[in-house]
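Undergrad: Quick one: the structure is below, and I'll ask about it shortly.
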Amino acid sequence: MIELVLLIAGAVLLMNTRTRQVLIAYVALAATVSALIAPLAAKSPLALTLFILSTVLKVVVVPVGIMVFLRANPAADDLRPSLAMPARLALVVIFALIVRVAAQTPSLHAVALEGLVAYVILCGIGTLIVHRNLLAHVVGLLALGAGITLAGAVLAPALPESIELGATFDALVATFIGLGLVRAFAAHNPLLDVESLRRLRG
């Protein structure tokens, strides 16, 4: 069930062209990753506190911030993908095949959830590559951060505080700095097309 949720959420991140739907997929992905990490974070009061803070930032603050921004800037709802739908679908299939190969690699058999970790990270990177909308890049960075946090929890379960501290820092940076940049950029380009960044001069 967890694998299916992550597979669908990752596919929507890459294939959908509407910010609202991609945001729903991101919330599903982040909530699922948080559910996987929760038992490890509960081992220490500090790790649990940081985990709760990070989860609230990722699952509540980011979506609310983006939705408020979209209400004020409806033109930013189009993610302006740089690849056509068949190419995006092919990318999802390629990512699924890479994950399948990674899961069958003998050296990775000792690592729990290795396929899920690889898929979440690849979907985060794919979101950054596929979409030209700056909001999609904020969501892609957060998805990538969720994948790296999951990898840290899987590879270093004895260090929950360090993992949660890094996850919280990633969420803070992507939330406040990312949305601040998006808001400033919207004054120059309401579509938030990253291609137009080349024309900016400071």
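Undergrad: I'd like the orientation of helix 19-41 relative to the chain: the angle between its Cα long axis and the longest Cα principal axis, in ° from 0 to 90, rounded to 10.
TA: 20
Undergrad: Return the long-range amide H neighbours of residue 82 (sequence gap of 5 or more, or a different chain), with a cut-off of under 5 Å between placed amide H atoms.
TA: Here the answer is 131, 132, since their amide H atoms fall under 5 Å of that of residue 82.
Undergrad: Then there is this: Work out how much length residue 188 to residue 155 would gain on full extension: take 0.36 nm times their residue separation and subtract the Cα-Cα distance, in nm to one decimal.
TA: Length gained, residue 188 through residue 155: 7.6 nm.
Undergrad: Answer with one residue from 82, 52, 8: the one whose Cα lies farthest towards the positive end of the charge dipole of the chain, charges on Cβ with Lys, Arg +1 and Asp, Glu -1.
TA: Final value for the positive-end residue is 82.
Undergrad: Okay, next question. For the chain, with only Lys/Arg (+1) and Asp/Glu (-1) charged at the beta-carbon, what is the dipole magnitude about the Cα centre, in debye rounded to 20?
TA: On the way: 13 positive and 9 negative charges, 115 e Å.
With only Lys, Arg, Asp and Glu charged at Cβ, the dipole is about 560 debye.
Undergrad: In the range 1-123, with Lys and Arg counted as +1 and Asp and Glu as -1 at Cβ, which of these residues, 69, 36, 96, has the Cα nearest the positive end of the dipole, that is, farthest along it?
TA: Value: 69.
Undergrad: Now for a separate question. Can you compute the helix-only [θ] at 222 nm over the chain? Use -39500 (n - 2.57) per DSSP H run of at least 4 residues, normalise by all residues, nearest 500 deg cm²/dmol.
TA: Values: 9 runs with 140 residues, N = 202.
Taken over the chain, the calculation gives -23000 deg cm²/dmol.
Undergrad: Once you have the alpha carbon radius of gyration of the range 1-158, what is it after dividing by 2.2 N^0.38 Å, with N set to its residue count?
TA: It is 1.05.
Undergrad: As an exercise, use a Förster radius of 41 Å and the Cβ-Cβ distance of residue 52 and residue 96 to find the FRET efficiency, rounded to the nearest 0.05.
TA: Efficiency at R0 = 41 Å is approximately 0.80.
Undergrad: Another question, if that's okay. Peptides 30-42, 87-99: what's the order by average Cβ count within 10 Å, highest mean first?
TA: 30-42, 87-99
Undergrad: Could you work out how far helix 85-103 tilts from the main Cα principal axis of the chain, as a 0 to 90 degree angle to the nearest 10?
TA: 20
Undergrad: A follow-up question, please. If each residue of separation counts as 0.36 nm, what is the full-extension length gain between residue 177 and residue 129 once their alpha-carbon separation is subtracted?
TA: Gain on extension, residue 177 to residue 129, equals 15.3 nm.
Undergrad: Taking the highest mean first, how do the peptides 126-138, 44-56 order by number of other beta carbon atoms within 10 angstrom per residue?
TA: Taking the mean over residues of other Cβ atoms within 10 Å, the ranking is 126-138, 44-56.
Coordinate-derived values only; no laboratory data. Just so it is clear, the model here is predicted, and its values are computed rather than measured. Neighbour counts are summed over all protein chains in view; Cβ atoms, including those assigned to glycine, are modelled from backbone coordinates with ideal geometry.
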